[in-house]
Amino acid sequence: MRGLREQLSRVRHIVKVRRQELFELAAPGSIVHVTAKMHISIECVSYDNVGYAADFRDDTVVRRFRCFLDEGQWGVYATADSKVVGHAWAIVCRGRSRMANHYMKLQSGECLIHFCSVEPSCRGKNIYPAMLVALCRRLFEEAGVQRIVIDTEVDNVPALQSIRKVGFSPLGRRVYLQLGRLLVWQKPLPGGDAGAAIQQQQACRAGLGSGSVYTAEILRPQEIADEWDQLVDESPQGCIFCRIWWLTAVCPGQLRLLVVRKGHRLAAGMPLPLRRRGIWLTVTLPDLTQTPGVLLAPSQAERYEARLSNEMAVLRSLVDAIPKVDVFCTNTHYSFTNWLPFYWAGYTQTTRYTYAIEDVSDLDKVFRNLAPRIARQIRKARREGIQVENPRTLERFWT
């Protein structure tokens, strides 16, 4: 029985389920000053004073705080009677994006406040909100952040009240499932979709609003059929797997089309075969469909630098507009070679090679350039009477 309890304890340590309520602070003017109910002073955490956390935390936490400083995190201590009685930390995103604490995705200029605690005997005296006020002001003024995000457990009522006191606006609730450090699943909880709200605001800052050169939208096939097929005809990535008639046949009722416009012209598109698999919402490859991928309209720019710049802008708009799903997987046409905006957004990719014979007008020439082994196999097949023909009808193809 004791061994079973130990095993369950180890499993609980590996598998983490977070039920969080998210808040944001978008401007310094939104901060509401809160005064602690006891005399405290707030000071920034540095390598000189980081060890003072040992006043109420163990050595493991102190070592962790040193790692926070090494990573460039921002922290504050609350001290009373020359002892540290509280701490709060913030992860600032300096690059284009960052996964904070292995579950919270941040964009450039954003930060996540985390790892906050107050000494038990000092709780209920507004120390936590007072630390948040000081830390938020420092983040806006010194770190130059544009948006601060904070989250806490949905049932942590004192923390929720303290966060609201400081002026944070609610974004909604979300549940995260982590296996060790890997985020394997996330979903909104009743009371609001925090992920959708964050994504919408990030899209506006990325330039998908009404004043942008590019606008993105997700449509049903019947709403854009003619324009879409014209994009397929013009795009270097256009193929049979991107045609409306093909996509509606392999994923009936589940297809959406993500399109990016420049003015009234389609600049890019991506099929989204949305499927509900139990509790999971997925975008995956439909049956018999090899490369639905990304479609780019031909660039009108003459210079390579201008073509590349336009392509990056279009792809960033496309990537930012991809809906939040539990699983996303697609294959792109071999002529699509720029996946950098997907990398910036946190996607991963696997390279597979496609060998294409572009010009088949002279089959004798094609045959002469085949590998000798392949040519011998073809000649042998011909001697044995094997023929390749156009079935002309689907019934003939399947029989």
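Quick check: the distance between the Cα centres of the range 11-74 and the range 107-172, to the nearest angstrom? Centre-to-centre distance over Cα atoms comes out at 9 Å. When you filter the trypsin sites (Lys or Arg not before Pro) in the range 7-93 for DSSP loop state and at most 13 other Cβ atoms inside 10 Å of their Cβ, you are left with Lys37. What residues from the range 78-102 fall in the zone where the backbone N is under 20 Å from a label point 7 Å along the Cα-to-C-beta line of His39? Within reach of a label on His39, which here means backbone N under 20 Å from a point 7 Å along Cα→Cβ, the range 78-102 contributes 78-86. Taking amide H atoms as placed 1.01 Å from N in the peptide plane, the amide H of Ala267 lies under 5 Å from those of Val260, Arg261, Lys262, each 5 or more residues away in sequence or on another chain.
What shape does the range 269-399 have by the C-alpha gyration tensor, where a ≥ b ≥ c are the square roots of the eigenvalues, rounded means a/c under 1.5, and otherwise prolate means a/b greater than b/c and oblate the rest? Kindly include the intermediate steps, with their values, before the conclusion.
Working: a/c = 2.70, a/b = 1.56, b/c = 1.73.
Oblate.
Amide hydrogen proximity for Gly86: with H placed 1.01 Å from N in the peptide plane, the residues at 5 or more positions away or on another chain lying under 5 Å are Ala78, Glu119.
Amide H contacts of Gln237: Leu296, each under 5 Å away and 5 or more positions distant or on a separate chain (H built 1.01 Å from N in the peptide plane; Pro and chain starts excluded).
Protection proxy ranking, highest mean first, for peptides 39-51, 121-133: 121-133, 39-51, where packing is the per-residue count of other beta-carbon atoms within 10 Å, averaged. Each DSSP beta bridge with both residues in the chain is either parallel or antiparallel, and the antiparallel ones are about 90%. Phi angles of the range 91-102 translate, via the Karplus equation with coefficients 6.51, -1.76, 1.60 and θ = phi - 60°, into HN-Hα couplings of 9, 9, 8, 9, x, 6, 7, 7, 9, 8, 6, 6 Hz per residue; Gly and Pro are given as x.
Please state, as a whole number in µm²/s, the translational diffusion coefficient that the Stokes-Einstein equation yields for the range 269-344 at 10 °C and 1.306 mPa s, with Rh defined as the Kirkwood radius across alpha carbon pairs. Don't jump to the answer; show the numbers that get you there.
Details: Rh = 13.8 Å.
Translational diffusion coefficient: 115 µm²/s.
Taking Cα extents along the principal axes in Å as calculated from this structure, the corresponding entry among [x] 96, 61, 39; [y] 124, 41, 37; [z] 79, 74, 44 is [x].
Remark on the range 65-192: hydrodynamic radius 15.7 angstrom, per the Kirkwood mean of 1/r across alpha carbon pairs. Annotation note: GluC sites (Glu not before Pro) in the range 224-311 located in DSSP loop regions with a Cβ neighbour count of at most 11 within 10 Å are Glu302. The Kirkwood hydrodynamic radius of the range 214-344, based on inverse pair distances between different Cα atoms, is 14.9 Å.
The chymotrypsin sites (Phe, Trp or Tyr not before Pro) of the range 310-399 meeting both criteria, a DSSP state outside H, G, I, E and B (loop) and at most 10 other C-beta atoms within 10 angstrom of the site's C-beta, are Tyr353, Tyr355. Taking θ as phi - 60° and the Karplus parameters 6.51, -1.76 and 1.60, the scalar couplings of the range 68-80 work out to 4, 5, 4, 7, x, 6, 10, x, 9, 10, 9, 10, 9 Hz in sequence order, x denoting glycine and proline.
Karplus-based coupling profile of the range 345-359, in residue order and whole Hz: 8, x, 7, 10, 9, 10, 8, 10, 9, 10, 9, 10, 9, 6, 10, with θ = phi - 60° in 6.51 cos²θ - 1.76 cosθ + 1.60 and x standing for Gly or Pro. For the options Glu217, Glu24, Glu110, a Gaussian network treatment of the chain with springs between C-alpha atoms closer than 10 Å singles out Glu217 as fluctuating the most.
None of the figures in this text is laboratory data; all of them are computed from the coordinates on show. These figures come from a predicted structure and were not determined experimentally. Methodologically, a virtual Cβ is constructed for each residue, glycine included, from the backbone with ideal geometry; neighbour enumeration extends over all protein chains shown.
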